[in-house]
Amino acid sequence: MKTMKFDVVIVGSGLAGLSVALHLPASYKVAIVCKRALSEGASNYAQGGIAAVIDSGDSYDQHIADTLTAGAGLCDEPATRFIIEHGREAIDWLISQGVPFSRDETSESGYHLTREGGHSQRRIIHAADGTGHAVQATLEEKLRSSPNISIFENHCAVDLITSEKLGIKASPAQCYGLYVLDIEKDKVVTFAARHTVLATGGTGKVYLYTTNPDTATGDGIAMAWRAGCRVSNMEFIQFHPTCLYHPYAKSFLISEAVRGEGGILKLPPDAGTDAGLRFMPEYDARAELAPRDKVARAIDFEMKKRGLDYVHLDISHQPADFLMEHFPNIYARCLTFGIDITKEPIPIVPAAHYSCGGIVTDMKGRTDLKGLYAVGETACTGLHGANRLASNSLLECLVLGTAAACDIEGQPETALPALPLWDESLVTNPNEEVVISHNWDELRRFMWNYVGIVRTTKRLDRAQRRIKLLKEEIDEYYANFIVSRNLLELRNLVEVASLIVDSALSRNESRGLHFSPDYPETLPKALPSVLTPEK
């Protein structure tokens, strides 16, 4: 198959990737590569909204202060200020694209703003409880009507093509594109590009229970690491406190905004004489509006202490009309499982939700490799620190997506070397999907058990030993078997798991989302954990 040539190849179809694509000049030939349908990224499922300073009663300094507090001392303050101060123009751009945010004619801005955990003000602009879908659908329509943008659905990234891999002496090292598996044709295609953008989202599928879609397998982080890029703060995995607990409800999130609008966490009937007890005030003065790490840890502690499978989130005290207007998707989805949120509490459990760490980038999305950018959840800009403040993620996607596109536009045109086609002639064995699926399940289970909300050094050491054995097996598969999406995702997941565990073992303290009973104190000086690949 021939090499396909583009000015820019964007891997991933969430808000970060779409923001880059739609801010590039129409003269650029752009490719968007996504593993499934264009709308299958995590952005499409985001419920709450986008945090930005919109009304005059709020300020950049307040939003920055809230972000720094949630980030437990690890936020990069200049990066935080840059992203937050560009928030309003990012929202204005979405409005100009036609995103139907919820209106409130009594407010100064004309839009309804809600409040979520860790925020001192109402500053979350949203489209009911389906903000991500509203934004994604609007931008997808724009994207599909752009003649310079080619969309490659059902295409899975294999690996980056770099100067080092080609034996080209370049300083700094450079990225020239990547190999991509066409899943439907079962062929690997070479994508050559002057600029490659990783917007592949998070790593949630490394855990057994997650709010993330099936596409969240850490592909961008793993590929960048293998290509020589640094990663930072990988130990900080945010567990969303409230994922719907039901045997048939796969990965359904109950938005933070439910607590923002008065939802209360209570103990369920299995708690015996304490059934119905509101427990969050015992853990934090902000109760249900405390940052996610504190809420998730409190729920986890109550569940383990009492042997519970779940706790209750109750918002049934609010008027039914209010709930159906503000949370139509949550109301409808819960109703399909026989739960009427206007009359009864919602059973919930914490679940892996967001990766605060990722590929080290600057404020233009640039990585350690020339020509390679990373934006969105796959990147680590320093905004989230040790714990992401609610609804700052979509904000980061917008601001950094725009910044990356502007930087790409300002780069001089350079010639690309001839890139070799993918060679699978040495593969001697057919697929063994049964073995792959077994390893996938084993990895996700021990990550959940050993590297979850609370980690001990003993559990982390145990996980590290298991990962080493799995990596050896998977590297052998990769060398000898025909590549498939399952194999590629498993290879990336085990790489990401290794980075998470190594980062967690390097942090001898408890901070933000990383909590260890072996090191319960927080050290006076906050330092990021930065891992550098061996040359």
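The values are calculated or read from the model by the stated rules, or taken from the named source; none is laboratory data. This structure is a prediction, so every number in the text was calculated from the model and none was measured. Don't worry about glycine lacking a Cβ; one is built from the backbone with ideal geometry, like all the others, and counts go over all protein chains shown. The area values use the complete protein model at the heavy-atom level, side chains included, leaving out ligands, DNA and RNA. Shrake-Rupley method; radii C 1.70, N 1.55, O 1.52, S 1.80 Å.
Looking at 458, 364, 370, just one residue is open to solvent by 20 Å² or more (accessible area, probe 1.4 Å) and farther than 25 Å from residue 176 by Cβ, and that residue is 458. Residues in region 17-42 that are open to solvent by 20 Å² or more (accessible area, probe 1.4 Å) and in a helix (DSSP H, G or I) were compared, and the one that is farthest from residue 153 (Cα to Cα) is 23.
Which one of 463, 418, 403 is exposed (fewer than 15 other Cβ atoms within 10 Å of the Cβ), at pLDDT 90 or above and of a type in the set (Gly, Ala, Ser)? Checking each option against the conditions leaves just 418.
Among the residues of region 483-501, those that are open to solvent by 10 Å² or more (accessible area, probe 1.4 Å) and without any contact (Cβ under 8 Å) to a residue 60 or more places away in the chain comprise 486, 498. On the stretch given as region 327-351, residues that are over 27 Å from the mean Cα position of the chain (by Cα) and open to solvent by less than 30 Å² (accessible area, probe 1.4 Å) total 4.
Of the numbered criteria (1) in contact (Cβ under 8 Å) with a residue 40 or more places away in the chain; (2) at negative phi, the one residue 304 fails is (1).
The residues of region 443-465 that are under 24 Å from residue 354 (Cβ atoms) and part of a helix (DSSP H, G or I), listed by number, are 443, 444, 445, 446, 447, 448, 449, 450, 459, 460, 463, 464. So for region 352-359 (the condition being surrounded by fewer than 19 Cβ atoms within 10 Å (Cβ to Cβ) and out of contact with any Phe, Trp or Tyr (no Cβ under 9 Å at 6 or more places or on another chain)), does at least one residue qualify? No, region 352-359 contains no residue that is surrounded by fewer than 19 Cβ atoms within 10 Å (Cβ to Cβ) and out of contact with any Phe, Trp or Tyr (no Cβ under 9 Å at 6 or more places or on another chain).
Applying the condition of being in a loop (DSSP other than H, G, I, E, B) and open to solvent by less than 70 Å² (accessible area, probe 1.4 Å) to region 513-527 and asking which residue is farthest from residue 68 (Cα to Cα) yields 517. Could you tell me which of the residues 442, 413, 433, 396 is open to solvent by 10 Å² or more (accessible area, probe 1.4 Å), out of contact with any Asp or Glu (no Cβ under 6 Å at 6 or more places or on another chain), in contact (Cβ under 8 Å) with a residue 60 or more places away in the chain and acidic (Asp, Glu)? Unique residue meeting the criteria: 413.
The residue of region 255-297 that is most open to solvent (accessible area, probe 1.4 Å), among those that are over 20 Å from residue 452 (Cα atoms), assigned to a loop (DSSP other than H, G, I, E, B) and touching a residue at least 40 places away in the same chain (Cβ under 8 Å), is 286. Going by the structure shown, is residue 48 modelled with pLDDT of 95 or more, within 30 Å of residue 528 (Cβ to Cβ) and either among the small types (Gly, Ala, Ser) or assigned to a loop (DSSP other than H, G, I, E, B) (or both)? So residue 48 fails the test.
Is region 74-81 home to any residue that is at pLDDT 95 or above, aliphatic (A, V, I, L, M), open to solvent by less than 60 Å² (accessible area, probe 1.4 Å) and within 23 Å of residue 240 (Cα to Cα)? Yes, because at least one residue in region 74-81 is at pLDDT 95 or above, aliphatic (A, V, I, L, M), open to solvent by less than 60 Å² (accessible area, probe 1.4 Å) and within 23 Å of residue 240 (Cα to Cα). Go through region 105-156 residue by residue and tally those that are farther than 20 Å from residue 43 by Cβ, modelled with pLDDT of 95 or more and among the charged types (D, E, K, R). Residues meeting the conditions: 0. Here residue 475 fits the description: modelled with pLDDT under 90 and in a helix (DSSP H, G or I).
When the criteria are applied in full, residue 452 fails the requirement of being more than 30 Å from residue 296 (Cβ to Cβ), open to solvent by less than 70 Å² (accessible area, probe 1.4 Å) and modelled with pLDDT of 90 or more. Quick one: is residue 91 farther than 30 Å from residue 180 by Cα and without any contact (Cβ under 8 Å) to a residue 12 or more places away in the chain? No.
Within the group 498, 503, which residue is small (Gly, Ala, Ser), out of contact with any strand residue (DSSP E or B) (no Cβ under 7 Å at 6 or more places or on another chain), within 21 Å of residue 203 (Cβ to Cβ) and assigned to a helix (DSSP H, G or I)? From the options 498, 503, the qualifying one is 498. In the set 37, 65, only one residue is in contact (Cβ under 8 Å) with a residue 24 or more places away in the chain and under 19 Å from the mean Cα position of the chain (by Cα); that residue is 37.
In region 146-159 there is at least one residue that is farther than 26 Å from residue 23 by Cβ and either open to solvent by less than 60 Å² (accessible area, probe 1.4 Å) or within 24 Å of the chain's Cα centre (by Cα) (or both). The strands (runs of 3 or more DSSP E) located wholly in region 315-407 that include 3 or more residues which are in contact with a Ser or Thr (Cβ under 6 Å, 6 or more places away or on another chain) occupy 346-355, 358-360. Scanning region 189-201 for any residue that is out of contact with any helix residue (DSSP H, G or I) (no Cβ under 7 Å at 6 or more places or on another chain) and open to solvent by 10 Å² or more (accessible area, probe 1.4 Å) turns up at least one such residue. Annotation: of all residues in region 98-134 being free of Cβ contacts under 8 Å to residues at least 24 places away in the same chain and not basic (Lys, Arg), the one that is surrounded by the most Cβ atoms within 10 Å (Cβ to Cβ) is 112.
In region 298-326, which residues are farther than 25 Å from residue 514 by Cβ, at pLDDT below 95 and open to solvent by less than 50 Å² (accessible area, probe 1.4 Å)? Correct list: 326 only.
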